[in-house]
Amino acid sequence: YRMAQKAVGDTRNDDLDAFLSDVTFDMMPSDEFGEALGPLPDDARIAVVLTPDVGIEPTVENTEIATDRGYDVVPHVAARFIEDRDELDEVAGRLKEAGVTDIFVPGGDRDEPVGEFASAHELLVALEELGYSFPEVGIAGYPTGHASIDDEMLAGAMERKIPHATYIVTQL
């Protein structure tokens, strides 16, 4: 945002401000995560992604760091990276305690799940069964299809997930 303001000079650009006011900054969990928050606006919305090589724990830890600093945080809680209901209960509990009100639940880019959840739908149902409710729940949508999932299976998955979600993030 600050870089965009510099690009247009010191004059106020209402259209640019409006456009940039509804931005989510995707951030990778890393050792430098706290430092990387520095240039972001104080009221920024941040998506803390899950990276396959490190799993869910860094996403949760960095979500806690960002919420402690007052950011609006949307952690990625990928189903295929959660071992079981006990781990899901711990993760969801920590996110609730941190004040998270919005989660993004993809299946997760992993050939084989690490545990009992093979799909986002399974994880969404388990969250509800464990008594967790987040005001905003995002799911992945694929309007142009998915390389690893045939169209019929993809349509069925969307139909099952939609009742548990409040929005869809398109993956192109």
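The values are calculated or read from the model by the stated rules, or taken from the named source; none is laboratory data. Here the structure is a predicted model, which is why all the values come from computation and not from measurement. Here Cβ is always computed from backbone atoms with ideal geometry, including for glycine, and neighbour counts include all displayed protein chains. Protein only, heavy atoms only, side chains kept; ligands, DNA and RNA dropped before computing areas. Shrake-Rupley method; radii C 1.70, N 1.55, O 1.52, S 1.80 Å.
A few points about this structure:
Per-residue answers, yes or no, for (1) open to solvent by less than 50 Å² (accessible area, probe 1.4 Å); (2) assigned to a helix (DSSP H, G or I); (3) closer than 21 Å to Glu97 by Cα:
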{"site": "Pro29", "(1), (2), (3)": "yes, no, yes"}
{"site": "Asp43", "(1), (2), (3)": "no, no, yes"}
{"site": "Ile46", "(1), (2), (3)": "yes, no, yes"}
{"site": "Pro58", "(1), (2), (3)": "yes, yes, yes"}
{"site": "Glu61", "(1), (2), (3)": "no, yes, yes"}
{"site": "Thr67", "(1), (2), (3)": "yes, yes, yes"}
{"site": "Val73", "(1), (2), (3)": "yes, no, yes"}
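- Looking across region 125-145 at every residue that is under 22 Å from Thr170 (Cα atoms) and out of contact with any strand residue (DSSP E or B) (no Cβ under 8 Å at 6 or more places or on another chain), the one that is surrounded by the most Cβ atoms within 10 Å (Cβ to Cβ) is identified as Val125.
- Residue match in region 76-95 (condition: assigned to a helix (DSSP H, G or I), surrounded by fewer than 22 Cβ atoms within 10 Å (Cβ to Cβ), at pLDDT 95 or above and basic (Lys, Arg)): yes
- When region 117-142 is filtered for residues that are over 16 Å from Ala92 (Cα atoms) and of a type in the set (Asp, Glu), nothing remains.
- Region 98-111 residues that are modelled with pLDDT of 95 or more, paired with ones that are of a type in the set (Val, Ile, Thr) and part of a loop (DSSP other than H, G, I, E, B) (beta carbon under 6 Å, 6 or more apart): Ile103/Val77; Val105/Val77
- Residue in region 159-169 that is free of Cβ contacts under 8 Å to residues at least 12 places away in the same chain and open to solvent by less than 80 Å² (accessible area, probe 1.4 Å) present: no
- Condition check for Gly115: touching a strand residue (DSSP E or B) at 6+ places or on another chain (Cβ under 8 Å) and more than 27 Å from Asp68 (Cβ to Cβ): no
- The C-beta contact set for region 124-152 (first residue more than 19 Å from Val49 (Cβ to Cβ), second residue surrounded by fewer than 18 Cβ atoms within 10 Å (Cβ to Cβ) and modelled with pLDDT of 95 or more, distance under 6 angstrom, 6+ apart or interchain) comprises Ala126/Arg85; Leu130/Asp89; Pro135/Thr101.
- Any hit, region 122-138, residues being within 15 Å of Val77 (Cβ to Cβ), in a strand (DSSP E or B) and modelled with pLDDT under 95: no
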